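What follows is a single structure, written as structure tokens, with notes after it.
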Amino acid sequence: MTAIAATFDQIPNAGGRQDGLSLTYHRLMLVMLVFAGVTALVAGRLLYLQMFTDRATGGEIVNPLLPARGDIVDRNGVPLAQTIDSWTIAIHPNRLLGNPDELAVKLNQLMPEHSIDDYRRVLKSGKPFAYLARRAMPELVDAVNALGEPAIEFSREPERLYPQTSLAGHVLGWTDIGGHGAAGMERVLDARLSDPMTRGTPIALSIDTRVQAAVESELSAAME
């Protein structure tokens, strides 16, 4: 009688395979937790900057919940000085893709306050940044944007307006290009108008626009 001997390969340890799967699972969970933590940290930081960062200076993150500068009104609440967001057109000459000579001509056609040579010098300067126009009208922004030059940048910045034009101008004064009070009540009240804690509430003066308009009209007639 013949005896047959057979050999069998060793079956992998089922417990070891289970341990490997468990280790992989834990690693994936750890990666997901780290990713979720980083995402939450970034989102929280962005929310903090949006809610609490002051926008009084142009280089800082804008807080949309606060005006850039407080309003000034008369004793009846009629606005005398307000701040709105205006357009600024700038360019990065060092990133220019188009032909500077051709672009200089087009810019001069849209903004003739500067010559073609002026624009050409700016475009060929290689500088990282240069202003083309500040306090630009939306129509001009659309026209410049239609040129299709990626190096041109459009942004918003605060602009001080006086709805009653020259009425009580000697009392109100004005602000400088940086948005700070330079004369009149704009200068006297500068701290309160620019303080994030108080600039959200308009400051009322004792003058009455109706009376002021009548007085200035009489003075103007008397001088004629």
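Of the residues Ala90, Ala68, which is assigned to a loop (DSSP other than H, G, I, E, B), in contact with a strand residue (DSSP E or B) (Cβ under 6 Å, 6 or more places away or on another chain) and at pLDDT 80 or above?
Details: Ala90 fails: assigned to a loop (DSSP other than H, G, I, E, B).
Being assigned to a loop (DSSP other than H, G, I, E, B), in contact with a strand residue (DSSP E or B) (Cβ under 6 Å, 6 or more places away or on another chain) and at pLDDT 80 or above holds for just one of Ala90, Ala68, which is Ala68.
Scanning the range 74-106 for residues being of a type outside the set (D, E, K, R), over 26 Å from the mean Cα position of the chain (by Cα) and either under 30 Å from His170 (Cα atoms) or open to solvent by 40 Å² or more (accessible area, probe 1.4 Å) (or both) gives a total of 5.
Residue by residue through the range 211-224, note down the ones that are under 13 Å from Asn76 (Cβ atoms) and touching a residue at least 12 places away in the same chain (Cβ under 8 Å). Please lay out each step first, then the result.
Within the range 211-224, the subset under 13 Å from Asn76 (Cβ atoms) is 211-213.
Across the range 211-224, the qualifying residues are Gln212, Ala213.
Please identify the pairs in which a residue from the range 107-125 that is open to solvent by 50 Å² or more (accessible area, probe 1.4 Å) has its Cβ atom under 9 Å from the Cβ atom of a residue that is assigned to a helix (DSSP H, G or I) and acidic (Asp, Glu), counting only partners at least 6 apart or on another chain. Matching pairs, first to second residue: Ile116/Asp101; Arg120/Asp101; Lys124/Asp101. Within the range 89-148, can you find the residues that are closer than 27 Å to Gly179 by Cα and among the polar types (S, T, N, Q)? Within the range 89-148, just Asn145 meets the criteria.
The values are calculated or read from the model by the stated rules, or taken from the named source; none is laboratory data. In this text the structure is predicted, and so the values were computed from the model without any measurement. Because the Cβ atoms are built from the backbone with ideal geometry, glycine has one as well, and the counts that use them run over all protein chains shown. Side chains are part of the model used for accessible areas, which takes the heavy atoms of the whole protein and leaves out ligands, DNA and RNA. Shrake-Rupley method; radii C 1.70, N 1.55, O 1.52, S 1.80 Å.
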